[in-house]
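Structure first, commentary second.
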Amino acid sequence: MSKQGAIVVVEDDLDDQEILQGVIGELSIPNELKFFTNCIDAFTFLKTTEQQPFLILCDINLPITTGIEFKAQIDSDPELRKKSIPFVFLSTAADKDTVNEAYLQLTVQGFFKKSYNIAEYKNIIRAIMDYWILCKHPNSI
């Protein structure tokens, strides 16, 4: 089971990008991965692409613009809000204050802490993907 559309990944750590790419491959997830090391490039892509991305996976601690600021920018853009792209934080910065900020100030659809245990990380990615494949939202109907 799958849904079309790229998975937009905003992650500045190249090792974390490589690990995620390996996990996605091992899970046989067919979606293309679009990696961005900063929010500015990711935002430009979202504004200019004709594709409908399947999902955004975003770190919190990023250069120039944080993941929180990036999500706020998306939320304030009527065109991107209309695209209703599921947005999930995937970060090592999963302290109570950051999680509260993400959920209370933004329209974030998930927040997961990265695991450096590959088996746990695979379970996290599998859960995220399974959920959004099955979930009904404006882009799935």
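By the helix-only formula, in which each DSSP H run with n ≥ 4 contributes -39500 (n - 2.57) and the sum is divided by residues, the chain has a 222 nm mean residue ellipticity of -14000 deg cm²/dmol. Cβ crowding within 10 Å ranks Val23, Val108 as Val23, Val108, fewest other Cβ atoms first.
If you wrap the tightest convex hull around every Cα atom of the stretch 5-73 and split its volume per residue, you get 74 Å³. Since only Thr44, Pro63, Pro78 are under comparison, the one whose Cα sits farthest along the positive direction of the charge dipole of the stretch 8-138, derived from C-beta charges on Lys, Arg, Asp and Glu, is Pro78.
Taking other Cβ atoms within 10 Å as a rough exposure proxy, Ile128, Ile40 sort from fewest to most as Ile40, Ile128.
Placing pseudo-labels 7 Å out from each Cα toward the beta carbon at Glu79 and Asp13 gives an inter-label distance of 3.3 nm. Summarising the amide proton neighbourhood of Phe35: residues at separation of 5 or more, or on other chains, whose placed amide H is nearer than 5 Å comprise Val9. Along the Cα-to-C-beta direction of Lys47, a point sits 7 Å from the Cα; which residues of the stretch 81-109 have their amide N less than 16 Å from that point? Residues 81-83 fall inside that zone.
Inter-part distance, the stretch 84-134 to the stretch 66-81, computed on C-alpha centroids, equals 17 Å.
What does the charge count around Leu90 come to, taking other residues whose C-beta lies under 12 Å from its C-beta (Lys +1, Arg +1, Asp -1, Glu -1)? Intermediate results must be reported in sequence, preceding the final value.
Numbers: positive: Lys113, Lys114; negative: Glu11, Asp13, Asp16, Asp59.
Net local charge, Leu90 excluded: -2.
The calculated Kirkwood hydrodynamic radius for the stretch 9-141 is 15.1 Å, given to one decimal from all distinct C-alpha pairs.
Taking the Kirkwood radius as Rh and the Cα radius of gyration as Rg, the stretch 65-141 has a ratio of Rg/Rh equal to 0.99.
Every read-out reported here was derived from the displayed coordinates using simple, explicitly stated rules and does not represent laboratory data. Please read all numbers here as calculations on a predicted model, not as lab measurements. In this analysis, Cβ positions are derived from the backbone assuming ideal geometry, glycine residues included, and neighbour counts consider all displayed protein chains.
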